[in-house]
Amino acid sequence: MSVTTPAVAADGLGVRFGRTHALRDCTFALPSGRISALVGPNGAGKTTLMHVAAGLLSPTAGSLTVWGETPGTYGAPEGMAFVSQAKPLYKRFTVTDMMRVGRKLNTRWDTDLADKLVAEAGIDPARRVGALSAGQRTRVALVLALARRPRLVVLDEPFADLDPLARTDTMKVLMRATADDGLTVLLSSHVIAELEDICDHLLLTARGGVHLDGDIDTIVDEHHIAVGPAGALPFTPDAVVEVLPAPRQTTVMLRGAAPGTPGWEFTRPRLEDVVMAHLRRMSTDGREVAA
């Protein structure tokens, strides 16, 4: 396997349920050894995409590969761990029992790492899973995934059940695994502000298609927030992502337009500013999403 081989790559990927297109003409490449954020509104196809990567769904058009291999023939790709929103765990089992199940069911299992992560999470190994909080169950599911020593971890809304402290701790665990072991992570989340601190690659989906795909710093750097006088805009239409007019001034999100227009003040946006501007545009723009 080449070091330049994408961890996950799609070419014209489509998934249809009856007449409904969950994904349509998606083309992207997620780099190895990085933490990639998968963001988009509800119904944008994020969970469907993850299920295809995990071998739980088959495409109805195009293709998706994990390190060059097509998932699904023999279940999840070798070296991949998937934590779904449901986080299925045996509620009557203790945490120790769940770790024992993980060890029995996986050809690769790091007992020392599992014990360390459970301890770091502050979870009593003797407690039954059903007695844990939702956030603690999320931490247990993540331990089961990481103790397999996978090359790729796919996480569907991993922070949804976590309090702020637990979210911070979980992000540190993922960043450490990426730095120390070369782990590749694909995670979906609606908490966009937190993604800028942990992720370095962005995949933005809307209406079942890919709208942005690339390095987060590069994507943010090519956008600018411009504030200037109300009235006609001095920018080309293809550079304008969003316009927020006000009686005395206008705020514009630009992509690709160089700063320096007289009478306008330019600032660098945050990732959240960029994502929200594109999502608002896609919610009102009648055009199809371009991959």
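The values are calculated or read from the model by the stated rules, or taken from the named source; none is laboratory data. If you're wondering where the values come from, they're calculated on a predicted model, not measured in any experiment. Here the Cβ positions follow ideal geometry from the backbone for every residue, glycine too, while neighbour counts run over all protein chains shown. Please note that ligands, DNA and RNA were not included when accessible areas were found on the heavy atoms of the full protein model with its side chains. Shrake-Rupley method; radii C 1.70, N 1.55, O 1.52, S 1.80 Å.
A few points about this structure:
- Backbone N under 18 Å from the S84 label point (7 Å along Cα→Cβ), restricted to the range 148-162: 153-161
- Of Y90, T65, T168, farthest towards positive along the dipole that unit charges on Lys, Arg, Asp, Glu beta carbons give the chain: Y90
- Isotropic mean projected area of the C-alpha convex hull, the chain (nm²): 17.4 nm²
- Portion, in percent, of the accessible area of the chain that falls on carbon or sulfur, probe 1.4 Å: 52 percent
- Directionally averaged projected area (convex hull, Cα atoms, the range 92-156), nm²: 4.3 nm²
- Charges were assigned to the Cβ only: +1 to each Lys and Arg, -1 to each Asp and Glu. The resulting dipole of the range 155-291 about its Cα centre is roughly 660 debye.
- Where the range 44-179 is the region considered: accessible area per residue in Å², 1.4 Å probe: 50 Å²
- Cα centre as origin, Lys/Arg/Asp/Glu Cβ charges: the range 97-213 dipole, Debye: 620 debye
- With a Förster radius of 30 Å applied to the beta-carbon distance between T251 and D115, the computed FRET efficiency rounds to 0.05.
- Cα-centred dipole magnitude for the chain, charges only on beta-carbon of K, R (+1) and D, E (-1), debye, nearest 20: 1160 debye
- Of all DSSP-defined beta bridges confined to the range 1-85, some 95% are antiparallel rather than parallel.
- Computed Kirkwood radius, in angstrom, where 1/r is averaged over Cα pairs of the range 148-291: 17.1 Å
- With 10 Å bins from 0: P(r) over the range 111-212, alpha-carbon pairs, percent: 13, 47, 30, 9, 1
- By the compact-protein rule of thumb, 2.2 N^0.38 Å, the alpha-carbon radius of gyration of the range 25-120 corresponds to a ratio of 1.28.
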